[in-house]
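Read through the structure below, which is laid out as structure tokens, and then see the notes.
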Amino acid sequence: MDDASYCATPVPAGPEADAGPPFAECVLCREPTEYPESAKGATLCPVCAWQEAGRAACSG
């Protein structure tokens, strides 16, 4: 029995190329958002949207 092949770790598959439509960039951090590029208005990624919601809730 060959121990090298038994203990070999399979190489994980890389991330899929954009599986959906091209996504719009976040207007704050430029990361991809959940919105298509055709979305109108200021698009935010989930992280920036959460941070903005926290800022809005804490403002007087």
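The phi torsions of segment 30-40, fed into the Karplus equation with coefficients 6.51, -1.76 and 1.60 and a -60° offset, translate into couplings of 6, 7, x, 9, 8, 9, x, 4, 7, 5, 9 Hz, rounded to whole numbers, with Gly and Pro shown as x. The listed peptides 41-48, 27-34, ordered by packing as a protection proxy, come out as 41-48, 27-34 (highest mean of other Cβ atoms within 10 Å first).
For TYR35, nonlocal amide neighbours, meaning residues 5 or more places apart or on other chains whose placed amide H falls under 5 Å from its own, are ALA24.
Residues in segment 45-60 near a label at ARG30, defined as backbone nitrogen under 17 Å from the 7 Å Cα→Cβ point? Answer for this model: 45, 48.
A short reminder: the numbers here are calculations on the coordinates, not readings from a lab. Quick caveat: nothing in here was measured; it's all calculated off a predicted structure. Positions of Cβ are backbone-derived with ideal geometry, glycine not excepted, and every protein chain shown enters the neighbour counts.
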